[in-house]
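Just below is one structure, and these are the notes that go with it.
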Amino acid sequence: MTVNSAPAFVFLANKVTLRSTKQKTPAGDIHSNGTLTVEKGAPSTYQSNLTAIGKITINKDNTINGNVQSQTSISNSGKITGTKTIGPVANQPLPSLSYSAGGANKTVPPNGTLTLAPGSYGIVTLNENSALKLTSGEYRMNELRYSSAIKNGVIEIDLSSGNPVTINVVSNLQFGHSGAIRLLPNGEGDSKLVTFNTKQTTAANWGREAYMLGSFNAPYAVVTLVKNTQLRGTISAKEIVIDTDCLFLHHDSPGSLPGPGNLPKSTSDDEEVASNQSLVTSYALQQNYPNPFNPSTLISFALPEAGNVTVVLYSLTGQMVKKLANGNLASGRHQLLWDGRDESGAVVAGGVYFYRLIAQGANGETKFIQTRKMVFVK
């Protein structure tokens, strides 16, 4: 059984952190049962009312076009265009989830499709450029895997019946790089009909240039909406972090999202693209950033020529933890995101880890090997 509460808030959590973004239309209210922090803007504007039982902190270069109310205190170095109130704020309970799953594992082949009927499954895995096709009804899965190492996966949901769909995940809901939720036939106008639930207690990093439609409930997890991700719907979680340059709208917000792949990049992103296109004359493996890190880190490297590349993570004892890359890559600069999970999708223990790059030339000759150290803190 699943007990859902559809919050009136775009974000509802026991702790909320917002990083620089640029909202142009009312985006939905934001509530924290604990603290709510708006980090330094770029500058940034939020078209939202903010409420929190704990302290609200608004750092400089932020404009809040809405009301701000805390039961505890408000520290404001930005601009609030609405009212600022210290007064009672009601606790907003997170959704309560109760269900189980089990059954056959299912894998969507790379560049292929897989259609699943409502029902119970084991581990459902997406691959590069793959499409998982669902329909109205209730799904139960032990895990729904979309690794951060792949791109352009699609979850396509046929809602032509007008009935809702609920995807209940037991232990691991992943939604990765450039992923998209596609709703047929009405697009984001049907976001209210879509609910993703996960009972996982491990950190969830969703997105990076992804397009997410629906209500996402993770009441026991820390959820990070990763950079340049678009959301139409709601997120309810133990803790929510909204990364830089994300665009979010509540189900009932006016306007629409730009759509998959169409979110404008910031100046720093443009510079990153230009840098990536510049001539690479030698192999290089950079120190991961951030380091130490939690919950995720970027590993950057450069290839002067195309060839087979492997990037493998190892524990301090030399045991393989995860393979982030294993295949042919073009010349140029590359980045891989590690979300602190091993091959099985479980979050690893805090400590020292190593990542090794092995690059081969077009003829299969090993051209470059380098290993660096990083620290995962919990």
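Structure above, values below:
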{"quantity": "T224 long-range amide H proximity, modeled H, under 5 Å", "calculated": "A204, N205, W206, V241"}
{"quantity": "All lysines inside 25 Å of K133 as judged from Cα atoms, apart from same-chain residues fewer than 8 positions distant", "calculated": "K106, K151, K192, K199"}
{"quantity": "Principal-axis tilt of helix 267-277 within the chain, Cα atoms, nearest 10 degrees", "calculated": "10 degrees"}
{"quantity": "Three semi-axes of the equivalent ellipsoid, the chain, Cα gyration tensor, whole Å, largest first", "calculated": "34, 26, 20"}
{"quantity": "Phi to ³J(HN,Hα) by Karplus 6.51 cos²θ - 1.76 cosθ + 1.60 over segment 248-258, Hz, x for Gly, Pro", "calculated": "10, 9, 5, 3, 8, 5, x, x, 8, 7, x"}
{"quantity": "Amide H partners (placed H, <5 Å) of N197, local residues excluded", "calculated": "I167, N168, V169, N217"}
{"quantity": "Set of aspartates and glutamates near K323 by C-alpha distance (under 12 Å), chain-local residues within fewer than 8 positions excluded", "calculated": "D342, E343"}
{"quantity": "Only Lys, Arg (+1) and Asp, Glu (-1) charged, at Cβ; segment 9-86 dipole about Cα centre in debye", "calculated": "160 debye"}
{"quantity": "Phi-based couplings in Hz for segment 38-55 (Karplus 6.51, -1.76, 1.60; Gly and Pro marked x)", "calculated": "10, 6, 3, x, 10, x, 9, 10, 10, 9, 8, 8, 10, 9, 7, 6, x, 5"}
{"quantity": "Reachable lysines, given that their alpha-carbon falls under 17 Å from the alpha-carbon of K60 and they are not under 8 places away in the same chain", "calculated": "K22, K40, K79, K84"}
{"quantity": "In order through segment 145-156: 3J(HN,Hα) via Karplus (6.51 cos²θ - 1.76 cosθ + 1.60), integer Hz, x for Gly, Pro", "calculated": "9, 9, 5, 5, 7, 10, 9, 6, x, 10, 9, 9"}
{"quantity": "Protection-proxy order for peptides 87-96, 148-157, each taking the mean of Cβ atoms within 10 Å per residue, highest first", "calculated": "148-157, 87-96"}
{"quantity": "Ratio of Rg to Rh over segment 95-250 (Cα coordinates, Kirkwood Rh, two decimals)", "calculated": "0.92"}
{"quantity": "Charged-residue dipole, Cβ positions (Lys, Arg, Asp, Glu), segment 278-376 about Cα centre, Debye nearest 20", "calculated": "140 debye"}
{"quantity": "Cβ-placed point charges (K, R +1; D, E -1), dipole of the chain about Cα centre in debye, nearest 20", "calculated": "660 debye"}
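No lab work stands behind these numbers, since they all come straight from the coordinates. What you see is a predicted model; the values in this text were computed from it and never measured. Because the Cβ atoms are built from the backbone with ideal geometry, glycine has one as well, and the counts that use them run over all protein chains shown.
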